[in-house]
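*Asks:* The structure follows.
Computed from the coordinates by the stated procedures, all read-outs in this text should not be read as laboratory data. Values in this document were obtained by computation on a predicted structure and should not be read as measured data. Note: ideal-geometry Cβ built from the backbone for every residue, glycine included; neighbour counts use all protein chains shown.
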Amino acid sequence: MYNRKKIQEDIPEVITKIWSCASEDCNGWMRANFSFDQTPTCVLCQSPMISGERMLPLIVNLNDSVKLSAVVNTAE
Ligand SMILES: [Zn+2]
C-alpha cells in the first residue's frame, strides 16, 4: 500500500530557472534544468526562448522525483 498523503499540497514553491517563449502571444515555457547548455526552441510556436525565472513547486527535476518515489516506497 502506498501512502500518498498530501504530498502535492506540502511542496513549497521556489524560484526556478526556466526558458520562456520570446513571443508575446505564446505562453510556452519549460524548466531550464534539462537544457541549460543551449537555447531551446518553443515547442508551441518554434520561436527562440529566453531564460527567466518563475515560482514553481519544488518537486520537479528528475533527481527529486527519484527521491520522492524512494520515500513513497519506504513509507509502507
Ligand atoms: Zn512559443
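*Asks:* I'd like to know how segment 13-58 sits against the 2.2 N^0.38 Å rule of thumb: what's its Cα Rg over that expected value?
*Replies:* 1.08
*Asks:* To continue, here is another question. Please give, to one decimal in nm, the separation of the simple spin-label points placed at MET30 and GLU53, each 7 Å out from Cα toward the Cβ.
*Replies:* 2.3
*Asks:* Using the basic label-point model (7 angstrom from Cα toward the beta carbon), what is the LEU44 to ASP10 distance in nanometres?
*Replies:* 3.3
*Asks:* Right, next: Quote the charge dipole size of segment 13-58 about the Cα centre in Debye, to the nearest 20; the model charges only the Cβ of Lys and Arg (+1) and of Asp and Glu (-1).
*Replies:* 120
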